[in-house]
Amino acid sequence: MVAVGTIVWLSSELMFFAGLFAVYFQLRSVRTDLWAQQTEKLNVTFAAINATVLVISSVWCQLGVWKAEKGQKARTGSLLDIKNWGMREWYVVTYLFGSFFIAGQVFEYAEMVHDGVTLSSDAYGSVFYMATGFHGLHVTGGLIAFLLIIARTFTTRRYTHANATGAVVTSYYWHFVDVVWIALFATIYILK
Amino acid sequence: MRVETKLFFYLFLFFGPVTVIYGYWSDWKEPIGVTALILTSGLFILVAFYLWQTGKRLPVRPEDNMSGEIAEAEGNYGYFVASSWTPLWLAGAGAVMFLGLAVGWWLFIIGAFLGVVAVVLWVFESFSGDYSI
């Protein structure tokens with residue numbers, strides 16, 4: 001039930017981002033001059049590294065999901081014994097990678113503002129911050145969800161099926177946000 | 001889940017070609033419609049794919065069986081909280097936060113604190129204490 005609801009909600013989220021993509025492409029088609037001038041200010045290398053970190057975080061998340069499905073909530077060996085990590089350890093690593101991404105994005109925004117691209121400077125600034133900002137808010141929401149899911153492993157005595165479902169649907173959301181970023185990255189940084 | 005899968009897949013079969021026709025007639029120069037239609041197709045194929053995969057994983061449900069009986073549909077359908085006030089508190093906190101955007105940041109911060117309390121209460125409602133599931 002929870003999983004089905006999450007998928008239906010995520011497909012409506014897809015339409016939300018569809019609106020942002022539509023805005024981007026429309027403005028780009030009518031202001032090619034502005035795009036040629038402003039996209040030069042993007043730090044593509046930095047953004048590519050940041051995007052890679054987010055994509056890798058999805059891998060750690062999936063490893064955590066497989067542990068959750070097996071009902072292993074926490075590590076059985078020592079911290080260095082990665083093979084016997086549970087869902088909790090993998091989700092902590094995912095959280096760290098996700099927060100690295102957000103920190104990188106804040107750094108990138110600071111650079112862009114320094115170059116004179118702000119939310120209210122021009123059409124490019126508006127759509128850049130709207131698209132990446134809404135994605136960033138989604139990632140932040142995912143990070144909060146990870147914290148709650150990790151905390152849940154401490155409050156229940158047994159790791160039940162309901163617990164695992166919570167972990168699994170959080171991973172659905174995380175993968176979705178990740179895929180949206182791949183599309184946004186391709187649009188904003190590669191296609192320009 | 002074959003009926004549900006088909007329902008969404010047929011919509012994809014409609015919107016997929018419509019995207020191509022729309023793009024062809026507008027010479028691929030009108031980006032909004034093309035983007036919206038591609039992602040609308042994505043919406044339906046996402047749900048169809050999920051239902052198809054879930055249907056493969058689950059045994060045939062009584063409602064998929066032409067000679068199924070109502071009694072076969074009994075059993076555990078998942079966990080539902082019997083009664084909970086926390087969604088109301090969360091909605092109230094959300095309302096205060098949005099009001100804060102119009103009134104001032106001080107109200108937004110108050111709303112955010114209420115929101116944190118409501119979220120934590122809701123998330124842990126069934127996952128802590130003696131009766132945790």
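Restricted to segment B:55-65, and to residues that are at pLDDT 85 or above and exposed (fewer than 10 other Cβ atoms within 10 Å of the Cβ), which residue is farthest from B:Val3 (Cα to Cα)? Looking at the filtered set, the residue picked out is B:Arg57.
Residues checked against (1) out of contact with any Phe, Trp or Tyr (no Cβ under 7 Å at 6 or more places or on another chain); (2) surrounded by 14 or more Cβ atoms within 10 Å (Cβ to Cβ); (3) without any contact (Cβ under 8 Å) to a residue 40 or more places away in the chain:
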residue: A:Ala36; (1), (2), (3): yes, no, yes
residue: A:Asn43; (1), (2), (3): yes, yes, no
residue: A:Phe46; (1), (2), (3): yes, yes, no
residue: A:Ala51; (1), (2), (3): no, yes, no
residue: A:Gly77; (1), (2), (3): yes, no, yes
residue: A:Arg88; (1), (2), (3): yes, yes, no
residue: A:Ile102; (1), (2), (3): yes, yes, no
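Screening B:Leu107 on (1) surrounded by fewer than 16 Cβ atoms within 10 Å (Cβ to Cβ); (2) at pLDDT 95 or above; (3) over 25 Å from the mean Cα position of the chain (by Cα) shows it passes everything except condition (1).
Among the residues of segment B:68-80, are any among the aromatic types (Phe, Trp, Tyr) and more than 10 Å from chain A (Cβ to nearest Cβ)? No; the residues of segment B:68-80 include none that is among the aromatic types (Phe, Trp, Tyr) and more than 10 Å from chain A (Cβ to nearest Cβ).
In segment B:1-55, which residues are within 11 Å of chain A (Cβ to nearest Cβ), touching a residue at least 40 places away in the same chain (Cβ under 8 Å) and in a helix (DSSP H, G or I)? B:Glu4, B:Phe8, B:Ala48, B:Leu51, B:Thr54, listed by residue number.
The set of residues from segment A:96-106 being closer than 15 Å to A:Tyr189 by Cβ and not polar (S, T, N, Q) comprises A:Phe101, A:Gly104. Pairs meeting the criteria (first residue in segment B:113-133 and more than 8 Å from chain A (Cβ to nearest Cβ) and in contact (Cβ under 8 Å) with a residue 24 or more places away in the chain, second residue exposed (fewer than 14 other Cβ atoms within 10 Å of the Cβ) and part of a loop (DSSP other than H, G, I, E, B), beta carbons under 8 Å, at least 6 apart or on different chains) are B:Trp122/B:Ser84; B:Glu125/B:Val81; B:Glu125/B:Ser84. Comparison of A:Val139, A:Val117 shows that the only residue that is outside any helix (DSSP H, G or I) and among the β-branched types (Val, Ile, Thr) is A:Val117.
Quick one: is A:Ile182 within 25 Å of A:Ile49 (Cβ to Cβ), β-branched (Val, Ile, Thr) and without any contact (Cβ under 8 Å) to a residue 40 or more places away in the chain? So A:Ile182 does not fit the description; no.
When you go through A:Tyr129, A:Tyr173, A:Tyr159 one by one, which is the residue that is buried (at least 19 other Cβ atoms within 10 Å of the Cβ) and free of Cβ contacts under 8 Å to residues at least 24 places away in the same chain?
Details: A:Tyr173 fails: free of Cβ contacts under 8 Å to residues at least 24 places away in the same chain; A:Tyr159 fails: free of Cβ contacts under 8 Å to residues at least 24 places away in the same chain.
Exactly one residue qualifies, and that residue is A:Tyr129.
All conditions but one from (1) outside the structural domain of B:Pro17 (by TED's automatic domain parsing); (2) not in a helix (DSSP H, G or I) apply to B:Pro59; the one that does not is (1).
The values are calculated or read from the model by the stated rules, or taken from the named source; none is laboratory data. Bear in mind that the values here come from a model prediction, so they are computed numbers and not experimental data. For neighbour counting, all protein chains shown are included, and Cβ atoms are generated from backbone atoms with ideal geometry for every residue, glycine included.
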